[in-house]
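The structure appears right after this line, and notes come after that.
Just so it is clear, none of the values below were taken in a lab; they were calculated from the coordinates. Quick caveat, the model's predicted, so the values are computed rather than measured. Using ideal geometry, Cβ is built from the backbone for each residue, glycine included, and neighbour counts are taken over all protein chains shown.
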Amino acid sequence: MESNGTKGLVLDEPLIFEKSSPGRVGIGPAHSDVPESDPKKTLGQKFLRDDIEGFPDLSEMDAVRHYTRLSQWNFGLDSGFYPLGSCTMKYNPKINEAASRLPGFAQLHPYQPEDLSQGALELMHSLEAYLSEITGLEAVTLQPSAGAHGELCGLLMMAAYFKAKGKPRTKIIIPDTAHGTNPASSHLAGFKVVPVKTEGKGALTVEMVKAVMDEDTAGLMLTNPNTIGLFEKNIKEIAEVVHSKGGLMYCDGANLNAIMGLVKLGDIGVDVVQLNLHKTFSTPHGGGGPGSGPVCVGKALEPYLPCPRIKKENGKFSLDFNRPKTIGRMKSFYGNFSIMVRAYSYIRRMGGVGLKRATEAAILNANYIKERLKGTYHLAFDEPCMHEAVFSDKFQESCGVSTMDIAKRLIDYGYHPPTVYFPLVVHGAIMIEPTETETIDTLDRFIDVMKTIAEEAKTNPQILKEAPTKTKIRRVDETRAAREPILRWKK
Amino acid sequence: MPYIPHTAKDIEKILKAVGAGSVEELISQLPAASRLKGPLAIPDGLSEQELLGHMKALSSKNSTVEEYSSFLGAGAYNHYIPSVVDAIISRSEFYTSYTPYQPELSQGTLQAIFEYQTLVCQLTGMDVANASLYDGATAVAEACLMAKRITNREGIVLANALHPEYRETVATYLTGTGDHLSTIDYSATTGATSLDAIESAISDKTACVVIQHPNFFGSLEDIEAIAGVVHKKKALLVVAVTEAVSFGLLKSLGDCGCDIAVGENQSFGNSLSYGGPYLGFMATKTEFIRQMPGRLIGQTVDKEGRRAFCLTFATREQHIRREKATSNICTNHGLCALAASVHMVSLGSGGLRKLAALNLSKAEYLKKKLKESGVEAAFTSPTFNEFTVKVKGSPDGVLKKLLEKKIIGGLNLEKYYPELGNHLLICATEMNSKEEMDALAAALK
């Protein structure tokens, strides 16, 4: 198997501060059309600084070259296959970028009068309606900035709901397959986490929940499909158990892309779910955000949604601040609007039928990889999967090769590695999520490479241990980064 | 179907490989009782051309701050964004990549964020900064939680002159873990927070005091003196900055004795976009690193000894520590931080000072013109590019009249501060021409 990686000129580039030459000017501000005000006289010396020590001075072109070179050391979704499990690295359509940059969306001040913002409010109102339709839940807030922020928002609403009933609840049930954000958000919302061990069984059972659900427990936080890529088949019955004790069902919607158009969460007993627009709805990940984490809720939680809400009356849109039971605000203003524009644009381009097709194609692609790799790599759960498949390094361990080595070797073949060592319940997990936007040709080639690597593990494990060799840098010393921290440049 | 490349033949091949007769058969793993029966009630898909037409039509229902003269600030500032910013953040190697978990494939993002951390340290005068938080409001909330962990104290004291939406966000964040919140009023004369008021608001249970600088009314706060008062009671001083361009002129927060500097970096390189995404920042002293929330990039070496960067101190974070993490934050605002870096770098130290000075000059000019029209500044403290005025008549009526002249005249403060019934918060940046400001002053006569 020949590697995709070929030669290219990758240039070294110092830190921006090391390129600075004091006095050099990049892009100066506009010429002034008003009399100059002397800061010393206007503000007084005690408020002023002398200089900004170390701040870089570069020409415009050098700055552009700097960042262009840096970009060339990055591997993006547009660079190649990026099967990062649970992260849903589907194509980020270019039209969405163009739409979000239209001046009529980009140049709006959040406090400008509602009369001047009718298009923005209409877009948000429609997006709420689409997300409500997709999840089968009544009401939506677009305010949270990311998935974890949405989780916190949903959990705070649950806490407020029980408090309003006069019986605050202190605990929340979370299975061991959950993303780390679930317990972290629960803690922040004031809940004590009751972990449930699925013990490698894959799906949560009614009995597991029954054993821990009581009337001090606010409910269950469940990712569905779960992080093993399996649909929680018992969710309806589990929801009944939770509801019978007066609890609420929280669904982590990070994996909504596996069920969109096939299942409505509201129909199967879910009371609250956060969505990740940067996963299911194709908005870019930006090298670590910004994302957007809307929360959809059923009737019971609607009064607690963050403020403001978007209201439509007589064809006019407005912001409604009169919400006595609201949990308050999750952030300033109304959420990550320009991300909402992208997600809205995606939904309108796909249409209802297209969204369902995307789900089906994601499931097809994941199952194809699962089926074709399962003899080569140990499959954690041998049953039909949803949008991702979880393997492990069990078959390769005897060669002295680990998941990390396999991941790093994939880089030399021109692929971003899958998610590794997560979910925690699978030892040495290799979590592959191809998404629906990849062709079968890409998958075939990736599968061939994975098989080649499995062969290499047997015949030449050293080549895996040494990988990657074709990247600008080799494996990095992460221990040193933590033990001898250098977190900023200094002169 | 857009973005789905499967041909009928491809689907056939996949189905054969997985041993299913149809797509429906493969999906039959979902319990029948859970399945959605009909189609989603979402309009049919549009072609790209139709979609762009639709989006243009929708966006044209809005009026922009370009079409109107806008004097709005209040936590979201209209600044000129140099073309290089969009050129760089539009490079798909940056914007289509994920959080840099695989350092060998992510050195671009990692070095850029390491540089951003340094730029934030330089602007704030602090030792260490994180990769980013969602926005200024959540950054303040995270700072309060961090102060509680550091001091093992519960009390959070917020200046009333802190952005009202930031105060609301802090209150929301603290409901889960106990909200021992109190506020300190501002001086009706200076518009700043008085030292006496601060002193009497702090007890030995106070974890931190949060002061905005310049504050919500635009007034500068005496951070150095405030730090003295706060530290006397062994509490921490959190300073929030919503207008980051002020860093170009104002004394660094580190030099003033600030413990945690937080705020909003939207002013650098991020468009107004109706309120988001913006860019929360946080910087602090070295001794508090392990209590800091958010991603941190560190410098290290690769196996051949070359300089390299990676995510570090992950043991603070949710994916390792779960419920014991310093925060639940995962996805943050990386691309916004890149945009801010590119803007800062293209300005350089000289450009930033000039930009800040220009903002001051514009605001001072407007203040003078308004005074000539009989509209006086409400407070005596010095201000940067934003200030509060008292208008004649109801502010809503005044603002409505201005709209007829295509002027968005500022923010009516009454909604947030009932005692400031006739007050407007007005901001002037490099985007406001002399002509516009003259027109505003004339209209308010």
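Ranking A:I463, A:H378, A:L102 by Cα position along the charge dipole of chain A, where only Lys, Arg, Asp and Glu carry charges on their C-beta atoms, puts A:L102 farthest toward the positive end. Listed peptides A:129-137, A:331-339, B:39-47 appear in the order A:331-339, A:129-137, B:39-47 once ranked by packing, highest mean of other Cβ atoms within 10 Å at the front. With a cut-off of 11 Å on the backbone N, no residue of the range B:83-124 is near the modelled label site 7 Å out from A:L9 along Cα-Cβ. Relative intensity of the range A:58-208 on a log10 scale, I(q)/I(0) at q = 0.19 Å⁻¹, equals -1.30, per a Debye sum over C-alpha point scatterers of equal strength in the absence of solvent. To the nearest µm²/s, what D does Stokes-Einstein give for chain B at 10 °C and 1.306 mPa s, using the Kirkwood radius over alpha carbon pairs as Rh? Roughly 65 µm²/s, to the nearest whole number. What is the local net charge at B:Y77, summed over the other residues whose Cβ is closer than 9 Å to its Cβ (Lys, Arg +1; Asp, Glu -1)? Taking every Cβ under 9 Å from that of B:Y77, the sum is -3.
Each residue, A:K165 and A:N460, gets one label point 7 Å from its Cα in the Cβ direction; the gap between the two is 6.3 nm.
Please compute, for peptide B:308-318, the average count of beta-carbon atoms on other protein chains lying within 10 Å of each residue's beta-carbon.
Average neighbour count from other chains, rounded to a whole number: 5.
Can you put A:V196, B:V230 in order, fewest other beta carbons within 10 Å first? Could you put the intermediate results ahead of the total?
Numbers: A:V196 21, B:V230 26.
In order of increasing Cβ crowding within 10 Å: A:V196, B:V230.
Can you give the relative contact order of the range A:336-491 as a percent, counting alpha carbon pairs under 8 Å and 6+ residues apart? Working shown, then result.
Values: 191 pairs, mean separation 35.5, N = 156.
About 23 percent, as a whole number.
Could you work out the Kirkwood radius for the range A:360-478, taking every pair of different alpha carbons, averaging 1/r and inverting it, reported in Å?
Details: mean 1/r = 0.0693 Å⁻¹.
Evaluated on the range A:360-478, it is 14.4 Å.
Going by how many other beta carbons lie within 10 Å of each one, how would you line up B:H213, A:H285, B:H231, fewest first?
Details: B:H213 30, A:H285 27, B:H231 14.
Fewest-to-most Cβ neighbours within 10 Å comes out as B:H231, A:H285, B:H213.
Other residues lying with their Cβ under 11 Å from the Cβ of B:H54 contribute a combined charge of +1, Lys and Arg counting +1, Asp and Glu -1.
When both bridge partners sit in chain B, DSSP labels roughly 55% of those beta bridges antiparallel.
Could you work out the mean count of beta carbons from other protein chains within 10 Å of each residue's beta carbon in A:176-183?
5
What whole number of Å gives the distance from the Cα centroid of the range A:353-407 to the Cα centroid of the range B:272-305? After rounding, the separation between the Cα centres reads 33 Å.
Which whole number gives the average, over all residues in B:241-252, of C-beta atoms from other chains lying within 10 Å of the residue C-beta?
Numbers: counts 0, 1, 0, 0, 1, 1, 3, 5, 7, 5, 7, 5.
Going residue by residue through B:241-252 and averaging, the value is 3.
Each peptide among B:217-224, A:292-299, A:478-485 gets the average number of other Cβ atoms lying within 10 Å of its residues, and from highest to lowest they stand as A:292-299, B:217-224, A:478-485. Cross-link pairs exceeding 20 Å in C-alpha to C-alpha distance, out of A:K40/B:K354; B:K371/B:K415; A:K46/B:K234; A:K279/A:K316; A:K7/A:K408; A:K163/A:K245, comprise B:K371/B:K415; A:K46/B:K234; A:K279/A:K316.
How many Å³ per residue does the convex hull of the Cα positions in the protein assembly as shown occupy? Don't jump to the answer; show the numbers that get you there.
Details: hull volume 142.2 nm³, N = 936.
In the protein assembly as shown, the Cα convex hull volume per residue is 152 Å³.
Could you rank the peptides A:317-324, B:205-212, B:4-11, A:118-125 by their average count of other C-beta atoms within 10 Å per residue, with the highest value first?
On the way: A:317-324: 13.1, B:205-212: 24.0, B:4-11: 14.8, A:118-125: 22.1.
Going by the mean number of other Cβ atoms within 10 Å, highest first, we get B:205-212, A:118-125, B:4-11, A:317-324.
Between A:S244 and B:T177, what's the calculated FRET efficiency when r is the beta-carbon distance and R0 is 30 Å? Round to 0.05.
Details: r = 29 Å, r/R0 = 0.98.
After rounding to 0.05, the efficiency reads 0.55.
Every helix of 4 or more DSSP H residues in chain B counts as -39500 (n - 2.57), and over all residues that averages to -11500 deg cm²/dmol at 222 nm.
Could you please report the charge total around A:R169, scoring K, R as +1 and D, E as -1 over all other residues with beta-carbon less than 15 angstrom from its beta-carbon? Walk me through the intermediate numbers first.
Values: positive: A:K163, A:K165, A:K167, A:K171, A:K192, A:K245; negative: A:D214, A:E215, A:D216, A:D271.
Around A:R169, the charge tally is +2.
Given their separation in residues at 0.36 nm each and the Cα-Cα distance between them, B:S194 and B:H319 gain 40.7 nm when the chain is fully extended.
Among the trypsin sites (Lys or Arg not before Pro) within the range B:363-394, which fall in a DSSP loop and have no more than 14 other Cβ atoms within 10 Å of their own Cβ?
B:K392
Among the GluC sites (Glu not before Pro) within the range B:340-378, those in coil by DSSP and having at most 16 neighbouring Cβ atoms inside 10 Å are B:E376.
Dipole magnitude for the protein assembly as shown: computed about the Cα centre from +1 point charges on Lys and Arg Cβ and -1 point charges on Asp and Glu Cβ, it is near 720 debye. Could you state the number of Å between the C-alpha centres of the range B:51-80 and the range B:225-265? One Cα centre to the other: 32 Å.
Can you give the helix-only mean residue ellipticity at 222 nm for chain A, where every DSSP H stretch with n ≥ 4 adds -39500 (n - 2.57) and the sum goes over all residues, rounded to the nearest 500 deg cm²/dmol?
-10500 deg cm²/dmol
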